[in-house]
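The values are calculated or read from the model by the stated rules, or taken from the named source; none is laboratory data. If you're wondering where the values come from, they're calculated on a predicted model, not measured in any experiment. Don't worry about glycine lacking a Cβ; one is built from the backbone with ideal geometry, like all the others, and counts go over all protein chains shown. For accessibility, only protein heavy atoms count, side chains too; no ligands or nucleic acids. Shrake-Rupley method; radii C 1.70, N 1.55, O 1.52, S 1.80 Å.
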Amino acid sequence: MAAEPHTALSVRGVTRTFGGLVAVDDMSFELAEHEVLGLIGPNGSGKTTMINLISGALKASRGEIVLFGENVVGESAHAIARRGVARTFQLVRMLESMSVMENVETGGVFGHARRWGAELRDHARHNIARVGLAGKEDEPVGALTYIDQKRVELARALAADPRLLLLDEWLAGLNPTELQTGIELVEDLRSEGRTIVIVEHVMDAIRSLCDRCVVMNSGAVIADGTPREVLADDAVIAAYLGDAHV
Amino acid sequence: MDILIIGVLLGGAYALMAVGLQLQYGVARIMNLANGEILVAGAFGAFWFFTGSQVSPLITVIGYAPVAFAANWAIYRYLMLPLVRRSKSEGHLEVDSILATFGLSFILVGVMLALFGGEFFSYSFLEKPFDIMGQPYEQNRLVAFLYAAAFCVGLYVWLHRTRMGLTLRAVSVSPEASRRVGIDVAGASALAFGLGGAITAAGGGLLSTFLVFDASIGIIFTMKALVIVIMGGLRDIRGSIVAAFVLGLTETAVASLIDPGLTLAAAYVVFILVLLFRPQGIFGRRAT
Amino acid sequence: MTGTEKTGLAVGAAIFLAAAFVPLLSGGYGLSLAVTVVMYAVLTTSWTLFSGPTHYISLATAAFFGLGMYTVAALIDVFPYPVLLVMATAVGAVLAALIGLATLRLSGVYFVIFTLGLAEMVRQLVTWVQTTMGTSSGLVVLTGIDEPMIYWQLLALAAAVYLASWRIGRSRLGFALRIIGGDEVVARHSGINTAHAKIALFVISGSVAALTGAILAPRWTYVEPVIAFSPMLSFLVVIMALLGGVHRLWGPLLGVIPFTFLWDLVTATFPNQTALMLGLCFLLIVYIIPNGFAGLIENLIRRRPLLAG
């Protein structure tokens with residue numbers, strides 16, 4: 001019997017409205033374990049809302065979000081985090097009064113791994129090193145550059161040993177050199193066989209990092225396939241450039 | 001019926017103090033916990049001019065409005081704005097402004113105690129009765145109500161019909177976006193803070209025509225104003241006005257049916273119910 | 001445990017041991033002042049346990065304190081005193097849990113207003129119950145408990161509170177609270193049940209305040225709502241804690257000691273100017289020493305603090 005790839009995440013008919021505005025409209029897609037999925041689309045197409053629905057920051061108005069076989073719609077963010085979902089934020093969120101070390105430890109204590117004491121410190125140090133911040137453990141995060149803060153955020157997410165990692169425009173706002181470093185970092189994660197959802201505008205990153213892409217427009221899926229396929233899709237080009245260009 | 005009329009009349013003056021607080025919080029984003037002391041200062045002003053020089057409180061509240069405006073404008077400009085500028089996050093500013101306005105409220109209590117002593121004070125103004133549906137009520141309550149109503153309508157029209165009013169409303173919706181279209185947010189905030197303070201002081205002057213005051217009672221009014229503003233949904237002055245009537249009626253009903261000592265407890269129960277079941281306010285829309 | 005922590009613990013133990021001898025050396029006014037100092041040390045430290053890391057300014061101290069005191073005063077003829085202490089603690093815990101469930105998911109301003117009015121509401125209700133039940137406005141508390149005994153009980157409670165705060169500061173719960181204070185969104189997405197964490201500490205803080213009120217009930221032979229639920233108590237606790245500094249375990253104590261003496265002096269000489277003094281202290285905290293005396297001292301010595309909480 002061939003080994004079926006296990007499904008990590010299955011989004012089924014998810015809708016989210018804000019008042020009269022439909023931000024996410026009947027979305028459905030699947031993500032297998034060890035797969036890297038790009039969630040792309042023009043500004044305001046509902047990508048971040050979708051991430052917020054998966055991570056539990058928002059609750060779906062309708063539909064099912066199945067994580068590792070269980071429907072988690074209605075669960076709060078901390079419960080979903082404890083199931084092994086970790087994320088970064090579109091705008092970096094640092095714990096300003098804490099050191100790099102403590103910021104990263106935050107990820108490892110309360111998730112599904114629940115580390116503490118010396119084990120936690122070693123684990124945090126390891127993750128700080130792997131995002132390239134070794135030696136900066138005791139610095140206050142306020143003193144870091146923007147990319148280093150993004151690194152801290154990634155290390156914090158990794159410290160949770162995530163079974164599903166959500167990167168919300170993690171590469172946005174980086175200069176070309178930093179971007180290259182950033183892409184290499186995510187590539188490393190991918191080669192480790194992590195399960196990742198990437199929301200991104202940077203097309204180079206999408207092409208090189210993603211196994212598959214889901215393209216959103218006006219809250220709905222307009223294309224689903226390999227990066228090469230979807231980026232050649234007429235509907236996708238129309239969504240990005242306007243209908244006149246087709 | 002008695003309860004209904006007295007409650008509505010009380011609600012009118014409450015509306016004024018709540019609208020003052022709301023203007024400050026809505027535009028300047030500072031929850032002014034010294035609001036009650038500004039109100040008591042207004043009441044003292046009305047009392048002082050009436051007993052000293054027989055000036056009608058109805059004239060006084062307009063006369064001292066510029067003074068109250070200037071004082072509150074200065075409080076924002078010199079005490080609050082430095083806090084806004086140094087704050088790293090909204091939470092940080094919130095804690096700072098809570099502590100600073102509490103400090104201010106205690107200082108004002110201290111100053112009023114020093115000037116007027118710790119006695120209760122009240123005076124007789126328009127204590128003649130008038131009839132509504134055969135029942136006699138004191139004229140001062142009716143006059144205060146009409147005055148408060150005129151203020152509220154005037155403010156509403158000003159906010160919605162003038163350029164300055166539009167500016168204030170824009171800042172209350174989004175300080176960020178306002179800044180981008182070239183609005184002087186700090187200036188607008190100071191203006192709203194001053195205006196809110198002047199309105200609250202006027203409310204105090206009107207309330208003093210029929211309520212008894214002392215120097216340290218301000219905190220009670222701060223709480224009532226806050227309950228009203230939160231009940232009304234923080235954003236729209238119409239919500240606060242309706243909520244003020246709800247509170248006025250509730251208090252009057254509890255005072256006459258159960259015990260006058262329980263008015264604040266009653267306001268509180270209303271507040272708790274709102275917090276539990278409609279945290280966005282009775283008339284507010286849920287934030288997205 | 002590191003070396004500095006051991007030293008800290010030893011110094012703390014020595015201070016408590018020395019403090020235990022106060023009633024033997026001084027009676028009357030000195031002892032009474034010592035009771036006040038230890039009372040505020042307990043109240044501010046337990047207040048800081050919750051409000052320090054979360055930045056939720058709680059003004060509910062008087063509500064807890066008063067309920068604790070009333071539990072003892074109302075039932076002193078029915079139950080033995082030690083049972084009443086347990087009951088008072090439980091009452092405080094239940095009230096704190098209820099408040100927590102109702103308000104802690106809301107923003108800071110709501111919480112302040114809620115707690116500010118709570119003591120006043122409870123006071124009005126207690127007064128009303130007493131008058132409608134036909135009794136007088138106060139309750140007589142007659143026990144054989146004298147001032148030194150009150151002092152020792154408070155001192156023991158203080159030791160327990162310091163020890164518990166120190167343990168919590170080093171625990172997952174303490175870390176969780178600091179993260180919540182930093183960014184609640186990050187806290188939730190890291191797997192912290194923010195509501196539970198906040199309620200847990202608020203309950204501890206509230207039950208300690210109730211127990212403190214219960215222990216102090218015998219100090220007044222006649223307990224009235226105005227004494228038990230004095231809103232001033234809540235404000236004094238906030239001021240002393242912030243004046244001392246809430247980022248260190250020993251910070252609040254640095255506020256309590258000078259403030260208690262100053263307060264005593266001002267109430268004795270200028271009784272009308274206490275409000276003015278409170279106001280000035282608030283402004284001092286906001287504009288000049290945001291990290292309290294503890295922050296000042298740390299800036300002066302600029303090295304690792306001996307008693308890092």
| said: Here's a check for you: in the range A:97-106, which residue that is open to solvent by 10 Å² or more (accessible area, probe 1.4 Å) and farther than 22 Å from B:Ser87 by Cα is farthest from the other protein chains (Cβ to nearest Cβ)? | reply: A:Met101
| Is there a residue in the range C:133-142 that is out of contact with any His (no Cβ under 7 Å at 6 or more places or on another chain) and assigned to a helix (DSSP H, G or I)? | no
| Does C:Met87 qualify as being under 25 Å from C:Leu163 (Cβ atoms), open to solvent by 10 Å² or more (accessible area, probe 1.4 Å), among the aliphatic types (A, V, I, L, M) and in contact with a helix residue (DSSP H, G or I) (Cβ under 7 Å, 6 or more places away or on another chain)? | yes
| query | Which condition breaks for B:Thr51 when tested against (1) within 21 Å of B:Val229 (Cβ to Cβ); (2) modelled with pLDDT under 90? | reply | (1)
| query | Within the bounds of the range C:262-278, is there any residue that is at pLDDT 90 or above, more than 14 Å from chain B (Cβ to nearest Cβ) and crowded, with 16+ Cβ neighbours inside 10 Å? | reply | no
| task | Return the total of residues in the range B:50-99 being of a type in the set (Phe, Trp, Tyr) and within 14 Å of chain C (Cβ to nearest Cβ). | result | 1
| said: Which count do you get for residues in the range B:212-243 that are surrounded by fewer than 24 Cβ atoms within 10 Å (Cβ to Cβ) and within 14 Å of chain C (Cβ to nearest Cβ)? | reply: 8
| Mind checking whether some residue in the range C:41-50 is among the small types (Gly, Ala, Ser), buried (at least 20 other Cβ atoms within 10 Å of the Cβ) and closer than 30 Å to B:Glu94 by Cβ? | yes
| query | Is at least one residue of the range C:114-126 within 12 Å of chain A (Cβ to nearest Cβ), of a type in the set (A, V, I, L, M, F, W, C) and under 22 Å from C:Ile57 (Cβ atoms)? | reply | no
| request: Would you mind stating whether C:Leu118 is buried (at least 23 other Cβ atoms within 10 Å of the Cβ) and farther than 13 Å from C:Gly213 by Cβ? | output: yes
| What are the residues in the range B:100-113 that are over 23 Å from C:Phe111 (Cβ atoms) and either more than 7 Å from chain C (Cβ to nearest Cβ) or surrounded by fewer than 22 Cβ atoms within 10 Å (Cβ to Cβ) (or both), if any? | B:Ile107, B:Leu108, B:Val111, B:Met112, B:Leu113
| In the range B:168-182, the residues that are open to solvent by 40 Å² or more (accessible area, probe 1.4 Å) and over 18 Å from B:Leu21 (Cα atoms) | B:Glu176, B:Ala177, B:Arg179, B:Arg180, B:Val181, B:Gly182
| said: Can you list residue pairs whose Cβ atoms sit under 6 Å apart, with the first residue in the range A:170-181 being closer than 15 Å to A:Met203 by Cα and not assigned by TED's automatic domain parsing to the domain that holds A:His201 and the second being surrounded by fewer than 16 Cβ atoms within 10 Å (Cβ to Cβ) and acidic (Asp, Glu)? Count only pairs 6 or more apart in sequence or on different chains. | reply: none
| Just to be sure, is B:Met31 surrounded by 14 or more Cβ atoms within 10 Å (Cβ to Cβ), over 25 Å from B:Ser189 (Cβ atoms), in contact with a helix residue (DSSP H, G or I) (Cβ under 9 Å, 6 or more places away or on another chain) and within 14 Å of chain C (Cβ to nearest Cβ)? | no
| task | Please report, ordered by residue number, the helices (runs of 4 or more DSSP H) entirely within the range B:44-99 with at least 1 residues that are more than 16 Å from B:Leu195 (Cα to Cα) and open to solvent by less than 30 Å² (accessible area, probe 1.4 Å). | result | B:57-63, B:81-86
| query | Quick one: B:Thr209 ticks every box in (1) surrounded by fewer than 24 Cβ atoms within 10 Å (Cβ to Cβ); (2) away from chain C (no Cβ under 14 Å) bar one, so which box is it? | reply | (1)
| Could you count how many residues in the range C:130-153 are within 14 Å of another protein chain (Cβ to nearest Cβ) and open to solvent by less than 60 Å² (accessible area, probe 1.4 Å)? | 2
| request: Go over the candidates B:Phe116, B:Phe102 one by one and state the one that is within 22 Å of B:Leu211 (Cβ to Cβ) and out of contact with any strand residue (DSSP E or B) (no Cβ under 6 Å at 6 or more places or on another chain). | output: B:Phe116
| request: Considering each residue of the range A:68-96, count those that are crowded, with 21+ Cβ neighbours inside 10 Å and touching a residue at least 60 places away in the same chain (Cβ under 8 Å), and give that number. | output: 6
| note | Within the range C:181-209, of all residues that are away from chain A (no Cβ under 11 Å) and among the aliphatic types (A, V, I, L, M), the one most open to solvent (accessible area, probe 1.4 Å) is C:Ile204
| message | Looking only at residues that are touching a residue at least 60 places away in the same chain (Cβ under 8 Å) and open to solvent by less than 20 Å² (accessible area, probe 1.4 Å) in the range C:158-180, which one is farthest from the other protein chains (Cβ to nearest Cβ)? | response | C:Ala158
| said: Among the residues in the range B:255-270, are any open to solvent by 40 Å² or more (accessible area, probe 1.4 Å), in contact (Cβ under 8 Å) with a residue 60 or more places away in the chain and more than 11 Å from chain C (Cβ to nearest Cβ)? | reply: yes
| message | Filter the range A:112-139 down to the residues that are closer than 17 Å to A:Ile183 by Cβ and surrounded by fewer than 20 Cβ atoms within 10 Å (Cβ to Cβ) and list them by number. | response | A:Arg130, A:Gly132
